[in-house]
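Asks: Can you read through this structure? Questions will come right after.
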Amino acid sequence: MKVLVTVKRVIDYNVKVRVKSDNSDVDLSNVKMAMNPFCEIAVEEAVRLKEAGVATEVVAVSLGAKNCQEQLRTALALGADRAIHVESDEVLESLTVAKLLKKVVEEEQPDLIVMGKQAIDTDNNQTGQMLAALTGYGQGTFASEVKVEGGKAQVTREVDGGLQTVELALPAIVTTDLRLNEPRYASLPNIMKAKKKPLDVKTPADLGVEVTSHTKVLKVTPPAERQAGIKVASVEELVDKLKNEAKVI
Amino acid sequence: MAILVIAEHDNASLKGATLNTVTAATQMGGDIHVLVAGEGCQAAADQAAKVAGVDKVLVADSAAYAHQLAENVSLLVAELGKDYSHVVAPATTSGKNFMPRVAALLDVAQVSDITRVESADTFDRPIYAGNAIATVQSLDAIKVITVRTTGFDAAAAEGGSAAVEAVGSTHDAGVSSFVGEEMAVSDRPELTAAKVVVSGGRGMGSGENFALIDAVADKLGAAVGASRAAVDAGFVPNDMQVGQTGKIVAPELYVAVGISGAIQHLAGMKDSKIIVAINKDEEAPIFQVADYGLVADLFDVLPELEKQL
Ligand SMILES: Cc1cc2nc3c(=O)[nH]c(=O)nc-3n(C[C@H](O)[C@H](O)[C@H](O)COP(=O)(O)OP(=O)(O)OC[C@H]3O[C@@H](n4cnc5c(N)ncnc54)[C@H](O)[C@@H]3O)c2cc1C
Ligand SMILES: Nc1ncnc2c1ncn2[C@@H]1O[C@H](COP(=O)(O)O)[C@@H](O)[C@H]1O
């Protein structure tokens with residue numbers, strides 16, 4: 001069974017971004033970049049499927065500028081067998097990413113596609129579902145458990161009220177939630193080995209997809225800042241403030 | 001053209017998130033039609049017909065829609081959506097699940113998690129865990145939108161008298177099926193709609209210790225939430241997680257107990273009206289957003305607080 005896993009290069013999750021003073025975007029110059037945390041979980045899940053003998057090959061895909069090859073190398077160091085970079089310097093909206101991934105899926109014919117549920121930059125939470133619609137595949141989003149057996153995937157999903165389990169015919173798409181697994185760290189020998197693993201580069205034109213815009217970002221502004229309040233000395237004072245000053249209880 | 005709002009419901013009743021979504025839709029301008037897709041969902045449809053501002057209710061009643069499977073519901077919504085200017089749903093786990101499929105089927109973008117309607121085609125949405133707000137214009141003929149419910153007041157549940165119409169078409173994509181679910185049962189108010197939320201973090205130390213939080217929540221009629229660390233440690237179930245990747249809450253009063261205040265947690269609660277932080281570390285970042293901070297051991301504070309309320 002072949003597993004395709006997507007990895008997005010995003011700002012490191014520990015970094016607090018700032019908005020540029022001209023309100024055109026956030027400032028990403030000199031900011032630490034990393035693999036989207038949900039994609040780390042996706043890679044880990046794919047690699048575990050291989051280690052368990054369920055998957056035979058893990059292919060990592062990333063779309064974007066040249067430097068997302070760094071994250072592909074990380075995926076290779078974590079255990080992916082080979083990588084595909086769809087290179088473009090343009091802003092790739094989720095729908096375009098899904099269209100490009102559909103072409104990759106047509107070429108690669110994976111049985112399972114594991115993606116992050118959400119990229120922590122745009123917080124879109126939509127690319128996996130869009131790819132599922134374009135391919136007509138079933139989807140197990142926000143997965144906290146995945147079992148693959150007999151040509152089917154059973155996915156337990158984190159939903160608002162608790163947990164839901166669905167069964168999907170393969171090929172299918174899974175998007176990862178935080179508790180699916182705990183990703184490993186890449187070891188130094190594996191980082192060295194990853195440098196020799198194959199990494200193919202394609203362009204949207206190679207895949208026959210036109211990069212289009214369906215949205216326009218008019219401005220990016222900082223959120224309303226909260227003022228730090230006061231420290232109270234006791235529970236009694238706290239209760240008094242909540243009753244008589246804030247009037248919320 | 002009219003706006004299609006996809007109702008959140010459990011067949012028997014309409015969920016509160018639908019009411020906030022109707023308010024957002026009203027601000028986009030146009031007649032409001034509400035789709036209730038489910039199985040045996042007439043009761044939810046009748047409730048939707050009473051919501052103030054709703055002009056028409058469409059009911060799609062079929063076994064294929066029983067568990068809101070995204071593969072099936074999206075086919076229905078995309079079919080109906082062709083005749084609307086906007087297709088709008090709450091950004092709940094259900095809306096997040098099927099709406100991007102609808103967008104892709106219609107070959108349009110989805111604008112996720114909007115917090116403000118600037119005009120019929122322009123919306124605000126938080127990005128980077130709420131550290132920036134993007135004002136986004138949709139260039140598509142049909143706008144597919146999910147709504148962050150805390151950004152909009154609830155429409156009145158009573159006062160409307162919309163016509164209810166049955167939709168005949170049934171779509172079963174045949175690629176997925178429902179196996180089962182484990183839903184949390186609680187007498188407390190729903191986390192995302194509660195006026196008061198008391199949340200515990202890793203500092204709680206164990207699931208048993210959440211009884212201390214429950215006792216305070218009982219006194220306040222509050223919902224109980226948690227940080228990711230508390231959920232990951234197995235203290236409480238996943239549906240209690242507040243944050244960038246959990247639930248977004250904006251109550252009148254949010255009490256964070258033994259929570260450090262990581263940006264991912266703040267993303268889910270910093271729009272609360274009043275924030276109280278109880279933490280023994282006076283350097284904890286949560287104090288930077290708290291209106292009232294109490295530097296103390298939570299195991300002393302919680303029993304005392306319960307007594308004084
Ligand atoms: C992609 C991604 C998404 C994430 N999404 C979320 C999310 O949605 N929600 C979320 O919450 N987190 C999320 N996180 C995790 C987040 O980064 C933090 O790790 C998490 O919020 C920390 O939880 P905590 O504050 O309970 O634990 P800690 O950071 O360990 O803080 C515990 C606090 O308890 C205090 N404490 C300990 N004992 C006591 C005591 N006896 N009395 C008083 N105070 C005490 C300590 O001083 C400390 O401040 C996400 C992380 C990633 C990478
Ligand atoms: N440019 C990209 N390259 C690789 N994967 C992507 C890209 N954009 C989105 N994805 C995948 O889709 C998931 C959801 O992203 P989003 O819908 O943007 O929140 C991410 O976690 C990735 O796994």
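The values are calculated or read from the model by the stated rules, or taken from the named source; none is laboratory data. What you see is a predicted model; the values in this text were computed from it and never measured. Don't worry about glycine lacking a Cβ; one is built from the backbone with ideal geometry, like all the others, and counts go over all protein chains shown.
Asks: Take B:Thr150 and tell me if it is more than 8 Å from chain A (Cβ to nearest Cβ) and within 19 Å of the chain's Cα centre (by Cα).
Replies: yes
Asks: Any idea which of (1) surrounded by fewer than 22 Cβ atoms within 10 Å (Cβ to Cβ); (2) touching a residue at least 24 places away in the same chain (Cβ under 8 Å); (3) assigned to a loop (DSSP other than H, G, I, E, B) is the one B:Gln68 doesn't satisfy?
Replies: (1)
For every residue, the table says whether it meets (1) at the interface with chain A (Cβ under 8 Å from one of its Cβ atoms); (2) surrounded by fewer than 24 Cβ atoms within 10 Å (Cβ to Cβ).
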{"residue": "B:Ala64", "(1), (2)": "no, yes"}
{"residue": "B:Pro90", "(1), (2)": "no, no"}
{"residue": "B:Gln110", "(1), (2)": "yes, no"}
{"residue": "B:Thr115", "(1), (2)": "no, yes"}
{"residue": "B:Thr122", "(1), (2)": "yes, yes"}
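Asks: Residue pairs, Cβ under 9 Å, 6 or more apart or interchain, first in segment B:211-234 and outside the structural domain of B:Leu302 (by TED's automatic domain parsing), second away from ligand 2 (no atom under 16 Å from the Cβ). List them.
Replies: none
Asks: Among B:Ser199, B:Ser177, B:Ser169, which is the only one that is out of contact with any His (no Cβ under 7 Å at 6 or more places or on another chain) and at pLDDT below 95?
Replies: B:Ser169
Asks: Sort out which residues of segment B:124-173 are part of a loop (DSSP other than H, G, I, E, B) and under 26 Å from B:Lys270 (Cβ atoms), and write them in order of number.
Replies: Of everything in segment B:124-173, those that are part of a loop (DSSP other than H, G, I, E, B) and under 26 Å from B:Lys270 (Cβ atoms) turn out to be B:Tyr128, B:Ala129, B:Gly130, B:Asn131, B:Arg148, B:Phe152, B:Asp153, B:Ala154, B:Ala155.
Asks: From the set of residues in segment A:107-143 that are under 15 Å from B:Asn97 (Cα atoms) and surrounded by fewer than 21 Cβ atoms within 10 Å (Cβ to Cβ), which is farthest from ligand 2 (Cβ to nearest atom)?
Replies: A:Gly136
Asks: With respect to the numbered conditions (1) away from every other protein chain (no Cβ under 14 Å); (2) within 13 Å of ligand 2 (Cβ to nearest atom), which one is the sole condition not fulfilled by A:Asp81?
Replies: The one condition A:Asp81 does not meet is (2).
Asks: If A:Thr221 satisfies all but one of (1) facing another protein chain (nearest Cβ under 7 Å); (2) touching a helix residue (DSSP H, G or I) at 6+ places or on another chain (Cβ under 7 Å); (3) of a type in the set (S, T, N, Q), what's the number of the condition it fails?
Replies: Condition not satisfied by A:Thr221: (2).
Asks: To continue, here is another question. Give A:Asp123, A:Asp111 a once-over and let me know the one that is of a type in the set (Asp, Glu) and touching a Pro at 6+ places or on another chain (Cβ under 6 Å).
Replies: One residue alone meets the criteria, A:Asp111.
Asks: Cβ contacts < 7 Å: first residue at the interface with chain A (Cβ under 7 Å from one of its Cβ atoms), restricted to segment B:282-303; second residue part of a helix (DSSP H, G or I) and aromatic (Phe, Trp, Tyr), any location; separation 6+ or different chain. Result?
Replies: Pairs found: B:Gly293/B:Phe287.
Asks: Of the residues in segment A:147-181, how many are in contact (Cβ under 8 Å) with a residue 24 or more places away in the chain and either within 24 Å of A:Leu134 (Cα to Cα) or more than 9 Å from chain B (Cβ to nearest Cβ) (or both)?
Replies: Matching residues across segment A:147-181 total 15.
Asks: Could you look through segment A:224-236, keep only residues that are within 7 Å of chain B (Cβ to nearest Cβ) and assigned to a loop (DSSP other than H, G, I, E, B), and pick out the one that is modelled with the lowest pLDDT?
Replies: A:Ala228
Asks: Another question about this same structure. Just for segment A:1-46: of the residues that are crowded, with 18+ Cβ neighbours inside 10 Å and farther than 24 Å from A:Ala98 by Cβ, which one is modelled with the highest pLDDT?
Replies: A:Val19
Asks: While we're here: Assess whether A:Gly208 counts as being more than 7 Å from every other protein chain (Cβ to nearest Cβ), touching a helix residue (DSSP H, G or I) at 6+ places or on another chain (Cβ under 7 Å) and at positive phi.
Replies: The answer is yes for A:Gly208.
Asks: How many residues, within segment A:32-57, are more than 16 Å from ligand 1 (Cβ to nearest atom) and of a type outside the set (Gly, Ala, Ser)?
Replies: Looking only at that region, the number is 8.
Asks: Considering only strands (runs of 3 or more DSSP E) fully contained in segment A:129-204, which possess at least 2 residues that are of a type outside the set (D, E, K, R) and more than 30 Å from B:Val242 (Cα to Cα)?
Replies: Where strands (runs of 3 or more DSSP E) fall fully within segment A:129-204 and carry at least 2 residues being of a type outside the set (D, E, K, R) and more than 30 Å from B:Val242 (Cα to Cα), they are A:199-202.
Asks: From the set of residues in segment B:247-272 that are assigned to a loop (DSSP other than H, G, I, E, B) and either within 7 Å of chain A (Cβ to nearest Cβ) or among the polar types (S, T, N, Q) (or both), which is nearest to ligand 1 (Cβ to nearest atom)?
Replies: Out of the qualifying residues, it is B:Ser260.
Asks: For segment A:56-72, which residues satisfy the criterion of being crowded, with 19+ Cβ neighbours inside 10 Å and either touching a residue at least 60 places away in the same chain (Cβ under 8 Å) or touching a Gly at 6+ places or on another chain (Cβ under 9 Å) (or both)?
Replies: A:Val58, A:Cys68, A:Gln71, A:Leu72
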